[in-house]
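Trainee: Structure in structure tokens, see below.
The values are calculated or read from the model by the stated rules, or taken from the named source; none is laboratory data. What you see is a predicted model; the values in this text were computed from it and never measured. Cβ coordinates were reconstructed from backbone atoms using ideal geometry, including for glycine residues, and neighbour counts include every protein chain displayed. Note: areas computed on protein heavy atoms with side chains; ligands, DNA, RNA excluded. Shrake-Rupley method; radii C 1.70, N 1.55, O 1.52, S 1.80 Å.
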Amino acid sequence: MVYDPRAGEVRGHRQLRRFVSRNLSWLAGLHARAETVACTVAGGRAVVELLAHLDHHGRELAWPVAVVAESPDDSSVVFRTYCSQWPVDERRHLRPPVLKPGPARPGDVVGRYQDGLAAGDTEAVVSTFAPGGYFRGPFGPHYAHRGTAELRSFFTRCFSAGGGIGLQHCAVTDDGVRCALEYNCVRWGSHELPPQAGIGVYERGPDGLLVAARVYDDVEAPVGHP
């Protein structure tokens, strides 16, 4: 089974073959090539982060995509793909939940980051990053915020809509270096949102602080906010 932002749920061999064929044709037309950013493997689940380099209206586009592969039994594999479609078609797409909220909760620095995010506490979030750490949103490398000053400015804007960002935690894949959290975003500040699926990958440095946070979703901020 495949959960894809563009195609939705793809089930069965016939639909899967059609999905793969159409995707390959579409990507070939864009002269796509994939660059692996990181791979997180734990508990029978793998999270692969990619940058898909595309020819987009005559310029190269680096499109962040994360794919989760999980085998619930010996005869099946489930793939869940997360990304924003804005870089490709300049539209936000409401992505309904892929997973239900679960009991798993990230710990250590990732848990502190999540607590600060939910509370809208800029200083708490910024304190979880190493001095040279960065946050990269779903639009690509040009939308990264690196270092304490940039991070503080970015999260201050994020929390200016009336508070923090509320996530339902669904699944955690943690290999000790990177922690991938699949979630449903349900609140941005004082604005309740229809639950929207996404994933964040949080990478720890040698000192236990975050050297990177990379987010893959298509959640739209409240009007007038980042």
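Trainee: Two decimals, Cα atoms only, Kirkwood Rh: what is Rg/Rh over the range 1-83?
Mentor: Working: Rg = 13.9 Å, Rh = 13.9 Å.
Rg/Rh for the range 1-83 comes to 1.00.
Trainee: Any idea what angle helix 147-158 forms with the longest principal axis of the chain, computed on alpha-carbon atoms, 0 to 90 degrees, nearest 10?
Mentor: Orientation of helix 147-158: about 80 degrees from the principal axis.
Trainee: OK, next. Per DSSP helix of 4 or more residues, -39500 (n - 2.57); summed, then divided by the residues of the chain. What does that give at 222 nm, rounded to the nearest 500? Could the numbers behind the result be given before it?
Mentor: Values: 5 runs with 50 residues, N = 226.
Calculated at 222 nm, the ellipticity per residue is -6500 deg cm²/dmol.
Trainee: What distance in nm lies between label points placed 7 Å from Cα along the C-beta direction at ASP207 and LEU16?
Mentor: 4.6 nm
Trainee: Between rounded, prolate and oblate, where does the range 1-45 land on the alpha carbon gyration tensor, with a ≥ b ≥ c its root eigenvalues, rounded for a/c under 1.5, else prolate if a/b exceeds b/c? Display every interim value, and only then the final one.
Mentor: Values: a/c = 2.56, a/b = 1.14, b/c = 2.25.
Because a/c hits 1.5 or more and a/b fails to exceed b/c, the range 1-45 counts as oblate.
Trainee: Once every Cα of the chain carries one equal point scatterer and solvent is ignored, give the base-10 log of I(q)/I(0) from the Debye formula at q = 0.18 Å⁻¹, two decimals.
Mentor: At q = 0.18 Å⁻¹ the computed log10 ratios are -1.49.
Trainee: While we're on this one: Working from the alpha-carbon coordinates of the range 132-222, get Rg over Rh, Rh being the Kirkwood radius.
Mentor: Working: Rg = 13.3 Å, Rh = 13.8 Å.
Reported Rg/Rh, Kirkwood definition of Rh: 0.96.
Trainee: While we're here: Once amide H atoms are built 1.01 Å from N in the peptide plane, which residues 5 or more positions from ALA212, or in another chain, come under 5 Å H to H?
Mentor: Distant-sequence amide H within range of ALA212: TYR134, GLU203.
Trainee: Output the relative contact order of the chain, whole-number percent, from Cα pairs under 8 angstrom with separation of 6+ residues.
Mentor: Details: 495 pairs, mean separation 41.4, N = 226.
Taking the mean separation of contacting Cα pairs over the length of the chain, I get 18 percent.
Trainee: Let me ask something else. Could I get the Rg over Rh figure for the range 60-142? Both from C-alpha atoms, Rh via Kirkwood, rounded to two places.
Mentor: Working: Rg = 16.4 Å, Rh = 16.0 Å.
My calculation puts Rg/Rh at 1.02.
Trainee: At 1.4 Å probe radius, can you tell me the per residue accessible area of the chain in Å²? Write out the running numbers ahead of the final one.
Mentor: Working: 11110 Å² over 226 residues.
Accessible area per residue: 49 Å².
Trainee: Follow-up question, since we're still on this one. Using alpha carbon centroids, what distance separates the range 46-69 and the range 204-218, in Å?
Mentor: The two parts, judged by their Cα centres, are 18 Å apart.
Trainee: Another one. At a 1.4 Å probe, what is the % contribution of carbon and sulfur to the accessible area of the chain? Don't skip to the answer; put the middle values down first.
Mentor: Details: 6040 of 11110 Å².
Percent of accessible area from carbon and sulfur atoms in the chain: 54.
Trainee: Expected output is a single nm value to one decimal: the length gained when fully extending between GLU220 and LEU94, i.e. 0.36 nm times separation in residues minus the C-alpha distance. What is it? Let's see the in-between values first.
Mentor: Numbers: separation 126, 0.36 × 126 = 45.36 nm, distance 0.86 nm.
Additional length available on full extension: 44.5 nm.
Trainee: Quick check on packing: order 128-134, 41-47 by the mean number of other C-beta atoms within 10 Å, highest mean leading. List each step's numbers first, then the result.
Mentor: Numbers: 128-134: 19.1, 41-47: 16.4.
Put in order of decreasing packing, that is 128-134, 41-47.
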